[in-house]
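Peer 1: What follows is a single structure, and I will ask about it in a moment.
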Amino acid sequence: MEVKENFSIKNLNTFCVDVKTKYFAQVETIDELKKILKDYKDEKIFILGGGSNTLFVNDWDGLMLRVDIKGKKVKKEDEKHVYVECNSGELWDDFVHWTVENNYAGMENMVMIPGTVGGGVAQNIAAYGQNITDVLFEIEVWDIENEKERILKPEDCNFAYRSSNFKHEWKNKYVITKVIFKLKKESKDLELSYHERAGRYGSLLEELQTFAKEPYSLKDVAQAVKNQREKRLPSVDTCGTCGSFFQNPVVSLEKFKELEKKIPDLQSYPVEGLNYEKEKNQEEFVKIPAGRLLDELGWKGSWDGNVGVSEKHALCVVTDKKAKGEDVLEFTRKMKQSVKDNYEVELVEEVNIVL
């Protein structure tokens, strides 16, 4: 394990922002993780996953640690379920494809989400009606301060829409090292659920109908999602991007009806994710597409210097891979203000901003 000093992470974040970290190390085992955290316990710690959901604005004055612990296996199984143990450094998309190939259901809609398994848990990722919290069973972490392993249950982590304690209260306090997922074995009784899940998203169902016939298989659904994402999202091969920059806002039904009068055919979706503002009745709130609001205001395809918005999707901020973090931050602040001024809706960043 090599510790590098004054190290540029331009190639380790998908916005390709050229910031430096005082110290950088990549760990591939639990023992390496424990050692470096002990050796550098007096430094500020930043845990870097795939760098696909983070905007770095300034240099990092401390230790940036990339967790690259790989490996996955079936821990146990019964007639209907399989419990899969996956180390946090596995790439999420590779892991999802592996579950699909093995006919384990529950993740197929979340194909092509960039980043690592650990990062996906911290971010509480979701796509096309599936949430990572639906399949989480246990999370193993390393407690940095107390230098010991802990086993957490999903209910311990305060999961909410695109959020968790790992992003807030526990940020750089725990390192996710291993995750156990509870998945379903593909069987006849799952076929209806595929149709129902796809049916909630018209574009996905339409995509499925172009190449597959019911009952849809796991591979069919994963391929349909892949096709849709390739059509709608920019590629990190051609530009700097973290995909969707903002969360889809959650608004009251009253507010949604008000917006419908201004925006024809505005869609809405149920609020998903555990512990979303417990004091509120989720049935009184809906999720609306932030991209549609931005599209209506003419943001799609617009540019200012090195930063712009994808021509494919108004929710995707892109760069020419030369932009500074502060350039992206200023551009997105203007996007937020535009939506607030015109619709009185407050957009919230999905991307983690490191100042």
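Peer 1: So for the pair K10, E230, with labels modelled 7 Å out along Cα→Cβ, what separation do we get in nm?
Peer 2: Roughly 3.0 nm, to one decimal.
Peer 1: Calculated from DSSP H runs of 4 or more alone, at -39500 (n - 2.57) each and per residue, what is the 222 nm mean residue ellipticity of the chain, nearest 500? Don't skip to the end; give the middle numbers.
Peer 2: Details: 9 runs with 97 residues, N = 355.
Rounded to the nearest 500, it is -8000 deg cm²/dmol.
Peer 1: Then there is this: At R0 = 41 Å, how high is the FRET efficiency between N103 and K44 if r is their beta carbon distance? Nearest 0.05 is fine.
Peer 2: Values: r = 44 Å, r/R0 = 1.07.
It comes out at approximately 0.40.
Peer 1: Let me ask you something else. Relative to the compact globular guide of 2.2 N^0.38 Å, what is the alpha carbon radius of gyration of the range 35-121, as a ratio?
Peer 2: Numbers: Rg = 16.1 Å, N = 87, 2.2 N^0.38 = 12.0 Å.
That ratio works out to 1.34.
Peer 1: I've got another one for you. Relative to the present Cα-Cα distance, how much length would full extension add between K257 and D320 at 0.36 nm per residue of separation? Mind dumping the intermediate values first?
Peer 2: Numbers: separation 63, 0.36 × 63 = 22.68 nm, distance 3.82 nm.
Result for the pair: 18.9 nm of gain on full extension.
Peer 1: What are the semi-axes of the equivalent ellipsoid for the range 70-232, taken as the square roots of 5 times the Cα gyration tensor eigenvalues, largest first, in whole Å?
Peer 2: 29, 17, 13
Peer 1: Hey, another quick one. Which whole-number value in Å³ per residue fits the convex hull of the alpha carbons of the range 299-355? Write out the running numbers ahead of the final one.
Peer 2: Details: hull volume 5.0 nm³, N = 57.
For the range 299-355, the hull spanned by Cα atoms encloses 87 Å³ per residue.
Peer 1: Please sort by residue number the GluC sites (Glu not before Pro) in the range 1-101 whose DSSP state is loop and whose Cβ has at most 12 other Cβ atoms within 10 Å.
Peer 2: On the way: sites: E2, E5, E28, E32, E43, E77, E79, E85, E90, E101; in loops: E2, E28, E43, E79, E90.
Here the sparse-neighbourhood loop sites are E2, E79.
Peer 1: Which whole-angstrom value gives the distance between the alpha carbon centres of the range 217-247 and the range 282-328?
Peer 2: If we compute the Cα centre of each part, the gap is 15 Å.
Peer 1: Another question, then. How would M335, M1 line up from fewest to most surrounding beta-carbon atoms within 10 angstrom? It would help to have the intermediate numbers written out before the result.
Peer 2: Working: M335 22, M1 12.
Sorted ascending by nearby Cβ count, the order is M1, M335.
Peer 1: For the range 4-67, report the convex hull volume of the alpha-carbon atoms normalised per residue, in Å³, without decimals.
Peer 2: Values: hull volume 4.7 nm³, N = 64.
Convex hull volume per residue, Cα atoms: 73 Å³.
Peer 1: Another question, then. Give me the Kirkwood hydrodynamic radius of the range 73-124 in Å, from all C-alpha pairs, to one decimal place?
Peer 2: Values: mean 1/r = 0.0875 Å⁻¹.
Kirkwood radius, the range 73-124: 11.4 Å.
Peer 1: Neighbouring Cβ atoms within 10 Å as the yardstick, rank D295, D156 fewest first. Mind showing how you got there, number by number?
Peer 2: Values: D295 17, D156 12.
Result, fewest neighbours first: D156, D295.
Peer 1: Let me ask you something else. Between N342 and L297, what is 0.36 nm times their sequence separation minus the Cα-Cα distance? Round to one decimal in nm.
Peer 2: Between N342 and L297, full extension yields an extra 15.4 nm.
Peer 1: Can you sort L253, L204 by how many other beta carbons sit within 10 Å, fewest first? Please report the intermediate quantities before stating the final value.
Peer 2: On the way: L253 12, L204 21.
Going from least to most buried by this count: L253, L204.
Peer 1: What are the radius of gyration and Dmax of the range 240-354, computed over its Cα atoms and given in Å?
Peer 2: Spelled out, the Cα radius of gyration and Dmax of the range 240-354 are 14.8, 45 Å.
Peer 1: While we're on this one: Can you give me the orientation-averaged projected area of the convex hull built on the Cα atoms of the chain, in nm²? Spell out each step's value before the answer.
Peer 2: Values: hull surface 72.5 nm².
Directional mean of the projected Cα hull area for the chain stands at 18.1 nm².
Read the figures in this text as sums done on the coordinates, not as results from a lab. The structure presented is a predicted model; accordingly, all values stated were derived computationally and were not measured. All Cβ positions, even for glycine, are placed from backbone atoms using ideal geometry, and neighbour counts span all protein chains on display.
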